[in-house]
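Just below is one structure, and these are the notes that go with it.
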Amino acid sequence: MPENYEHYITKNIKASYQRRLFAPILYLLLLLILWFGLSLSAPLFPSSLASDASLEDMRRSGTNYVTATLTDLKFTGYTQKYLSRTVGYYYYTMHGEECIIVLLSPKTCEEGLSLVPKTSIHGKILPGDDAFDELLSNLSKDLNWTEHGIRSKVSGCLLSEPDYGIVPNFLLYSVVFVTGGYALVSLILFVIYICFPVFSPPCQNLALFGNPRKLLEQAEDELATLPQLATEDMFITEHFFIETSPYGNAVIPIDQIIWIYKYSTLHKFFWYHFSISYTLHISANRHLYIQCPKNMKSDIDGIIDYLAEANHDILVGFSEQNRLKVQKIQGSPMRLNRLLDFLNRRV
């Protein structure tokens, strides 16, 4: 009994998924670094604006996104426009011992109410810019204050509701959560497949033909006892075709195979042709399709000859005639048949 072939299939399945662990782990680590390094979570989990905290102190402490309940907001008469569209209305109110400027969205202030008695908003703390300086200058004239006097009473930062950023960053959050969730699910599945190879897709394909656990054990026993034909990563035993390559693993009962053929691929760099690789294509019952890429022509020819001899019903070679025969044998997938029947009834 060749010791190297003891539990050879499950060992290769485990090794295959162990190699695939690296990508989701690396991607999740990258997302975590970006999530905390760029404070991507801040808009989703804003801090509460305390009554005794100034906007400038909160911004200096690294808090930019806040939720606040404000009262007695008075309209300044000035708005913020973008491409001839009003995106915000400037209000002022007292917050603790300082006066703050608040930029409200049109919906919150109902397109510029003179007084907003009370409102709760999610906002972003922004430092004063040229537009803010111009606003204070104009506001000081309207209130008959000196510009120095109004700056001594008004916070140097403003609270902006339109700049809160959830909607503009919706695409970013969608990408983060969808791709991160996919990576996490993949990582969990890979760990399950490593611990329990029988649940992996290559083994679960055997459920199309019987009990996957029993068929896997039978294939392992036959491969460990004496493979009747062996290449670098393809094997034929008494009842199974087995692939254990870096590109995938497969176990197929020979009596379920209905079509085999090879396909050549020319590898080139610009005008230089440096190699040709061959891919073995296998079609089995129950719409199971397997590809074994990047093999030598002699290996694939040997596999095809042996399978054709072991099962005389197997169609050999790619042709339109064989394709139509396989289509007739397999028919349409069950779900596709149901869909076609439903569409026919609707028509």
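Inter-label distance, Glu98 to Glu110: 3.1 nm, where each label sits 7 Å from its Cα along the C-beta direction. DSSP finds beta bridges in the chain, and of those with both partners inside it, around 85 percent are antiparallel. Under 5 Å between amide hydrogens, built in the peptide plane, is the criterion, and for Tyr78 it picks out Tyr90 among residues at least 5 positions away or on other chains.
Starting from 0.36 nm per residue, how many nanometres of slack lie between Val87 and Val326 once their C-alpha separation is accounted for? Write out the running numbers ahead of the final one.
Numbers: separation 239, 0.36 × 239 = 86.04 nm, distance 6.23 nm.
Gain in length upon complete extension: 79.8 nm.
The angle between the Cα long axis of helix 130-142 and the main principal axis of the chain comes to about 30°, on a 0 to 90 degree scale. Farthest toward the positive end of the dipole of the range 75-225, out of Tyr92, Ile125, Cys203, is the Cα of Tyr92, where the dipole comes from beta carbon charges about the Cα centre. Under a Gaussian network description of the chain, with springs only between Cα atoms under 10 Å, the residue in His122, His148, His287 that fluctuates furthest is His148. Where only DSSP H runs of four or more residues are counted, the chain gives -12500 deg cm²/dmol as its mean residue ellipticity at 222 nm, each run worth -39500 (n - 2.57). Accessible surface computed residue by residue for the chain, with neighbouring protein chains in place and a 1.4 Å probe, gives 61 Å² per residue.
Can you tell me what share of the DSSP beta bridges in the range 4-139 is antiparallel? A percent to the nearest 5 is fine. Please report the intermediate quantities before stating the final value.
Numbers: 22 of 24 bridges.
Rounded to the nearest five, the antiparallel share is 90 percent.
Computed from label points 7 Å out along Cα-Cβ, the spacing between Val191 and Thr179 is 2.3 nm.
Can you tell me how much longer the chain between Asp301 and Phe318 gets when fully stretched, taken as 0.36 nm per residue apart minus their C-alpha distance, in nm with one decimal? Walk me through the intermediate numbers first.
Details: separation 17, 0.36 × 17 = 6.12 nm, distance 1.35 nm.
Here the answer is 4.8 nm.
Think of each Lys and Arg Cβ as +1 and each Asp and Glu Cβ as -1; about the Cα centre, that makes the dipole of the chain roughly 900 debye.
With the cut-off at under 15 Å, measuring from each backbone N in the range 220-260 to a point 7 Å along the Cα-to-Cβ line of Asn311 picks out 235-243, 250-260. Couplings 3J(HN,Hα) of the range 289-305, computed from phi: 10, 10, 10, 10, x, 6, 10, 7, 4, 5, 5, 5, 4, x, 4, 4, 4 Hz, in residue order, whole Hz [Karplus 6.51 cos²θ - 1.76 cosθ + 1.60, θ = phi - 60°; x for Gly and Pro].
Around the amide H of Leu158, modelled in the peptide plane, lie the amide H atoms of Leu126, Gly128, all under 5 Å away and 5 or more residues distant in sequence or on another chain. If you take the Cα centroid of the range 161-222 and the Cα centroid of the range 57-133, the two points sit 46 Å apart. The packing ranking of peptides 297-308, 129-140, highest mean first, is 297-308, 129-140, where packing means the average number of other beta carbon atoms within 10 angstrom of each residue.
On the chain, 58 percent of the accessible area sits on carbon and sulfur atoms, based on a 1.4 Å probe.
Legend: distances between Cα atoms for Lys11/Lys294; Lys262/Lys294; Lys81/Lys141; pairs beyond 19 Å are Lys11/Lys294; Lys81/Lys141.
The long axis of helix 8-20 is offset from the longest Cα principal axis of the chain by roughly 20 degrees. Using alpha carbons only, how many degrees (0 to 90, rounded to 10) separate the axis of helix 212-225 from the longest principal axis of the chain? The helix 212-225 is inclined about 50 degrees to the chain.
The values are calculated or read from the model by the stated rules, or taken from the named source; none is laboratory data. Keep in mind it's a predicted model, so treat the numbers as computed, not measured. All Cβ positions, glycine included, derive from the backbone under ideal geometry; neighbour counts span all protein chains shown. Note: accessible area is taken over every heavy atom of the protein model, side chains too, but ligands, DNA and RNA are not part of it. Shrake-Rupley method; radii C 1.70, N 1.55, O 1.52, S 1.80 Å.
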